[in-house]
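Single-structure report; data block below.
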Amino acid sequence: MVAPAFEYVAAGSYDEAVRLLADGGDEAKILAGGQSLMPMLNLRLAHPELLIDINAADDRPPSVDGGMLVLPALTRHRVLLEHDLVRRHCPLLAAAVRHVGNVRVRNRGTVGGSLAHADPTSEIGSCALATGARVIARGPGGERTVPADELFVSYWTTALAESEIITDVLIPAGRPRQGWSFQEMVRRTSDFAIVAVAVLVELDERADTIATVRVALAGVADRVMLAGPELLTGLTGATLAGPAGAGSTGAGGARAGGTGADGSGDDAAGAAAARIAAGLDPADDVHASGEYRRRLVRVLAARALREAYARAAGAAA
């Protein structure tokens, strides 16, 4: 199919892009990498009258400032995959980007565009939640900071105002006693995720027990989502066996169970994964049933928790 006719403008700065977006109203769209927008145009699922190209608005590379990894919104997925600062300070994101689309998509797609698109199966969106990222949004009234926890509203809908553009993504730089894991199930390479799980674990400063943990999910709701803290309480103060291990030890030193044949198990990781899965109500679609997605969450979340813990313990050692 062929995209509908539209007017094209290349903005030389974010301020110019914001002005054009405000003037264009509902009939204007931002073009960054275009890897989501262009297929929607060709399928006539989107039909803007004005397309505002922002690729010339910024050319900054990733940087670290004040304990934050700063990713300009136009950072390409390929840069996330290869840049030393990203791999050093947010290895979870660098690993997850390997699962995004194909080489063409990774060469053109941008981190800001991915977050603004708000696909509920987004690998980058789930990593933003797991790491506690924030975005800087610029609009006619200036800039504001939006936590990733508050950014995603529903299918392809964010908390951004109509005339706001993401200019930066801020991710807390990794710390020595942290570990991470990204797990995903797809039907074929480069497909959208049926289920994806991103986990970030941090150990106590004086013991190899879990101090904090964040579990983000994709493909199970109308948006990427965080598992609620009430579902993760059994993990605080616990130690976990590695991904291939036979169980976990609680804070008191008692063995807490073993992993099952499917990798979920009845240890602290398996129990948390089961609670997370039980609280979900994913829809059936042509790719998978809701029950299958819940099963995947139980298995992938348990694996991710154990792998993240193992990485954290290895880093601490």
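For every helix of n ≥ 4 consecutive DSSP H residues, a contribution of -39,500 (n - 2.57) applies; sum these over the chain, divide by its total residues, and give [θ] at 222 nm rounded to the nearest 500 deg cm²/dmol.
Using -39500 (n - 2.57) per qualifying helix, the result is -9000 deg cm²/dmol.
Where the eigenvalues come from the Cα gyration tensor of the range 179-236, what are the semi-axes √(5λ) of the equivalent ellipsoid, largest first, in whole Å?
Values for the range 179-236, descending: 27, 13, 7 Å.
Ignoring ligands, DNA and RNA, what percent of the 1.4 Å accessible area of the range 107-189 is carbon and sulfur?
Carbon with sulfur: 49 percent of the solvent-accessible area.
Which value, in Å to one decimal place, does the Kirkwood hydrodynamic radius take for the range 109-182 when every pair of different Cα atoms is included?
Radius from the Kirkwood sum: 12.8 Å.
Give the Rg (one decimal place) followed by the Dmax (whole number) of the range 1-88, computed from C-alpha coordinates and expressed in Å.
15.5, 48
Work from the charge dipole of the chain (Cβ charges, +1 for Lys and Arg, -1 for Asp and Glu, about the Cα centre) and give the residue of Leu280, Leu43, Val197 farthest towards its positive end.
Positive-most Cα among the choices belongs to Val197.
Using bins 10 angstrom wide from zero, how does P(r) for the range 24-70 break down, in % of all Cα pairs?
Distribution as computed: 23, 37, 23, 16, 1 percent.
Go ahead and run the numbers for FRET between Leu45 and Glu230, Cβ-Cβ distance against an R0 of 51 Å, rounding to 0.05.
In this case the efficiency is close to 0.85.
Students often get this wrong, so try it: which of (1) 230; (2) 130; (3) 143 is volume of the Cα convex hull per residue in Å³ as calculated from the structure shown?
Computed from the coordinates, volume of the Cα convex hull per residue in Å³ corresponds to (2).
For the pair Asp284 and Asn102, how long in nm is the line joining their label points, each one 7 Å along Cα→Cβ?
Roughly 3.2 nm, to one decimal.
Suppose each label sits 7 Å from its Cα in the direction of the beta carbon; what would the Val153-Asp266 distance come out to in nanometres?
Placing both labels 7 Å along Cα→Cβ, they lie 4.6 nm apart.
State the percent of C-alpha pairs, over all pairs in the range 92-244, separated by a distance greater than 22 angstrom.
Tail of the P(r) past 22 Å holds 43 percent of the pairs.
Calculate, for the chain, the solvent-accessible area per residue in square angstrom, rolling a 1.4 angstrom probe over the heavy atoms of the protein chains.
Using a 1.4 Å probe on heavy atoms only, each residue of the chain averages 45 Å².
When the accessible area of the range 1-103 is computed with all protein chains present and a 1.4 Å probe, what percentage of it is carbon and sulfur?
Answer for the range 1-103 is 52 percent, counting heavy atoms of protein chains only.
The values are calculated or read from the model by the stated rules, or taken from the named source; none is laboratory data. Source: prediction; values computed, not measured. Quick reminder, even Gly has a Cβ in these numbers, built from the backbone with ideal geometry, and neighbours come from all protein chains shown. Heads up: the accessible areas ignore ligands, DNA and RNA and are worked out on the full protein's heavy atoms, side chains in. Shrake-Rupley method; radii C 1.70, N 1.55, O 1.52, S 1.80 Å.
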